[in-house]
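One structure is given below, encoded as structure tokens.
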Amino acid sequence: MLDRNGLPIKRDPGLVVLAVALWMLTSVVSFLEILTVRAIVLRIYAHFAMTYGFYAREYLAAQALGIGTLVVMAIVCMGVAIGCGEYHLNNFGQPQSWKLFAWTIAAEVAILVLPLFI
Amino acid sequence: MNQQVKKQGALIGPFLEDGAKVMLLMFLSLAMFIFALHALLALFHRYPLDYGEAPLVDQAVRLAAGQSIYRPDLSSPPYTISNYPPLYPLSMVPFVKLFGPNFWAGRIISLLCTLASGVFLALIVYAHSQDRLAAVATGLLLLAIPYVVGWSPLARVDMLALALSTAGLYVVARWPTTWRGLVVSALLLVAAICTRQSFGLAAPLAAFVWLLTQDRRQALRLRSGQALKLAALVGGTSLALFLALNVVTRGGFFYNIVTANVNEFDMERVQRSWRELREAASILLIIGGVSLFLAPGRVKTWSLLIPYLIGACLSAATIGKIGSNVNYLVELSAALTLAAGTLLAWSRKRRWLRVLMLILLALQVGQLMKATLDGPVEGLKWRLQPKKELKDLEWIVETADDPVLADEFAGMLTLQNRPLYIQPFEVTQLANTGLWDQTDLLASICNQEFPIILVHHFQGYPVYKERWTPEMLSAITENYASTDFLAQTIVFRPRGSDIEGSEPASREACPGAPWRLPSRGDMGMWWITYQLGIMGEGYENQVPVYAVADGLLTRRPDWNSAVAIQHDDPVRPGEKVWSFYGDIASGENGESFIVPDFPPGSEGVPVKTGQLLGYQGTWSGSPGRPIWTHLHFAVVPALEDGSFPSEIVGLVPEEEFSPEDIPLLPEEAEPSSREAEIEFALDPSPYLGTVRSQVMGVPTWLPLRCQESVP
């Protein structure tokens, strides 16, 4: 990467390692959390479902909802991994990059904690 | 070293705060989703969701017709009480006039008022802190509280009162020194009192103390002048309205609002509510408690917040009154939310404290969500689930002449534009305190003047004992017979009347089938060697079992949980056939659920189609091994002499019954096997008109379906 004057930007190797590690961590965790999000969605659905049982209409709806959640979350996670990667690359060392890390980590922690309450 | 830590803290702090914000907002978003889903499901449910909805719609109907809703005495019917001032029923009048009696209009008003309350609380926080996050969190936090979630889509007075009182508080908090602000605030607070009288404490007290402490540059005399003006306006206007209404209604207003509203107080209820509140909102309670000590001198709006909290706590304590519900906690919920928002705004300049507050509030929202899903959402499902039963109940009410006595589902009458004859809970409380003479009503019950009486049974709590006096209940059971059990409601009809004729028998049978269904199979059926397990929904001893056709009932001396009825065979003319009903007993201790009319040893007792035999049990064959509530049903060919076969595998004696004993036969069995099988049980499909529940020859669970419904 070059700065405004066309000279290579000097990057603190420690921060580079930290940023790469955080990006990898958030990306991997986001993929792992696909199933957690599906569990949250299905648990809420189950709370509102009127009837239960293998032959209940809600059972089929829940299956569709689960698959739909997987598809949507897969797209979201790819977006997060690629989009955040690009953003961090372009804004390396800037406060907004660390802010995005903070948001991503907080969202992922929230997703991990939410099933405790649902 | 210390400086380095501080420097690192200053570096990390903003990011931690951002993260905590995201976390709180995510929790709040999910809570809002649950709130919205709950509200949508509740809003357009046709039938009453709460006992208190029907009287309010009934009052709106009467107001629309120009009638008084505050009768000065209850010596003659209708025995109805209007517990609240008239503003909420008045707000429903245009909708009732335009669309007829309904519950949705009142529910929409309540829902919009809930949202407005959240907005006003948020504005109070924002007005003095300019902290958007704290304001948003305050507003949304209110909507996450289970009491608010549960009550917001009900056609009840509370949310309108809350919206008016929080609006009044916002106006006085925003424009404390202007005359216009004072008048508008006072009018809003009066409107809240005219919606629900208990809102005459917390918000007016908070507004008064707030004005008293405003603008310290002014002399105490001037400040107290503003506060006294507000007190005079609120108190004077309320009193004038009270007196005017009391004169117009010839004392009826006082009788309805005060006399008929002072129910017995039970400390146990207060303790139970406190326990539930502690479980659901422990962090909010801690924040509320902390704010009482921390806010004075530190928080700008302390003089508004603290009296509001104290007043709301005092109002909430009246939840100990018999018949009270979580609506008594709605104002306290608003006060706690305001405290949380205020402290969150105050912590803005104390980064680490703010991070802690944000995380704690996120966890609190999680706790509230859990309480909401386990409480109001489950409760709502329980109300919405028996759709078909509710329709049947409505049909029963529709086809019954007036007057009808009803409690929980009195709204079925209201929906048909029929006035309520009685509000059983209210008059029972009056009778218990000696303020109302129930003699005339008892005489009417004994004279069987009511074609039907509906008595609701809540699972696990005998609420009917609060709604009907012991004298009323014994008069009902002596002179009326229970004929249906729908949506947890027992339908009583006068003894000796043509009960069968008025029963919606067609709804209990498959079209064209010679026999009616023996019981409800909401959860499906289990088909095994031509015997049916019919699974009703509910606890044991709740789902009725009926005779499928006219016949002669037998209950052998050793039959604890079974009866059998001999019929003329409608499928094989000229022959006799038996319908067998088993497992009508508790799976725990074997207690029989067969009605007392058929004691062990009964033989040849005539029974009619649809006659109640007992209730589904959980008996599995041996005590201490209960299974799902069900009825074991079979069609058994009679012996040559017409008697019931004694060697029936799986039927008698019950003590020896074990599911393993029953041979599993494939659908396409060998003719010889089938013949052997028919010796003890016939295929019930032609008799009941049901679809056989076998998949690829293997007996399995399937929904109970009629043959006509098969594509």
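The values are calculated or read from the model by the stated rules, or taken from the named source; none is laboratory data. What you see is a predicted model; the values in this text were computed from it and never measured. Backbone-built Cβ (ideal geometry, glycine too); neighbour counts: all protein chains shown.
When the range B:407-443 is filtered for residues that are aliphatic (A, V, I, L, M) and within 15 Å of B:Leu56 (Cα to Cα), the ones remaining, listed by number, are B:Ala410, B:Met412, B:Leu413, B:Leu415, B:Leu420, B:Ile422. State yes or no: is A:His47 closer than 30 Å to B:Gly536 by Cα and either without any contact (Cβ under 8 Å) to a residue 60 or more places away in the chain or over 13 Å from the mean Cα position of the chain (by Cα) (or both)? Here the answer is yes, as A:His47 does meet what is asked. Looking only at the range B:66-81, decide whether some residue is more than 14 Å from chain A (Cβ to nearest Cβ), part of a helix (DSSP H, G or I) and either among the aromatic types (Phe, Trp, Tyr) or surrounded by fewer than 23 Cβ atoms within 10 Å (Cβ to Cβ) (or both). No, because not a single residue in the range B:66-81 is more than 14 Å from chain A (Cβ to nearest Cβ), part of a helix (DSSP H, G or I) and either among the aromatic types (Phe, Trp, Tyr) or surrounded by fewer than 23 Cβ atoms within 10 Å (Cβ to Cβ) (or both).
Residue count for the range A:91-105, restricted to those that are within 11 Å of chain B (Cβ to nearest Cβ) and not hydroxyl-bearing (Ser, Thr, Tyr): 9.
Any idea which of B:Asn261, B:Asn256 is within 25 Å of the chain's Cα centre (by Cα), under 23 Å from B:Gly200 (Cβ atoms), at pLDDT 90 or above and polar (S, T, N, Q)?
B:Asn256
For A:Glu108, the requirement of being in a helix (DSSP H, G or I), touching a residue at least 60 places away in the same chain (Cβ under 8 Å), among the charged types (D, E, K, R) and more than 8 Å from chain B (Cβ to nearest Cβ) is met.
Restricting the range B:284-328 to residues that are out of contact with any Asp or Glu (no Cβ under 8 Å at 6 or more places or on another chain) and basic (Lys, Arg), which is nearest to B:Gly168 (Cα to Cα)? Among them, the one singled out is B:Lys300.
Here B:Pro55 qualifies as closer than 19 Å to B:Ala260 by Cα and part of a helix (DSSP H, G or I).
Screening B:Arg180, B:Arg196 for residues that are basic (Lys, Arg), more than 20 Å from B:Val119 (Cα to Cα) and surrounded by fewer than 24 Cβ atoms within 10 Å (Cβ to Cβ) leaves exactly one candidate, B:Arg180. Residues of the range B:586-627 that are among the small types (Gly, Ala, Ser) and in contact (Cβ under 8 Å) with a residue 40 or more places away in the chain: B:Ser586, B:Gly587, B:Gly601, B:Ser602, B:Gly604, B:Gly610, B:Gly614, B:Gly617. Applying the set (1) facing another protein chain (nearest Cβ under 10 Å); (2) more than 14 Å from the chain's Cα centre (by Cα) to A:Gln63 leaves exactly one unmet item: (1).
Take B:Glu389 and tell me if it is among the acidic types (Asp, Glu) and within 11 Å of chain A (Cβ to nearest Cβ). Answer is no for this residue. Residue selection: B:Pro85 fails the criterion of being away from chain A (no Cβ under 14 Å), farther than 30 Å from B:Gln364 by Cα and surrounded by fewer than 17 Cβ atoms within 10 Å (Cβ to Cβ).
The rows are residues; the columns are (1) out of contact with any strand residue (DSSP E or B) (no Cβ under 9 Å at 6 or more places or on another chain); (2) crowded, with 23+ Cβ neighbours inside 10 Å; (3) under 14 Å from B:Gln488 (Cβ atoms).
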site: B:Gln385; (1), (2), (3): yes, no, yes
site: B:Leu405; (1), (2), (3): no, yes, no
site: B:Leu413; (1), (2), (3): no, yes, no
site: B:Pro419; (1), (2), (3): yes, no, no
site: B:Thr428; (1), (2), (3): yes, yes, no
site: B:Thr433; (1), (2), (3): yes, no, no
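Residue check: B:Leu363 meets all listed conditions (1) within 28 Å of the chain's Cα centre (by Cα); (2) buried (at least 24 other Cβ atoms within 10 Å of the Cβ); (3) within 14 Å of chain A (Cβ to nearest Cβ) but one, namely (2).
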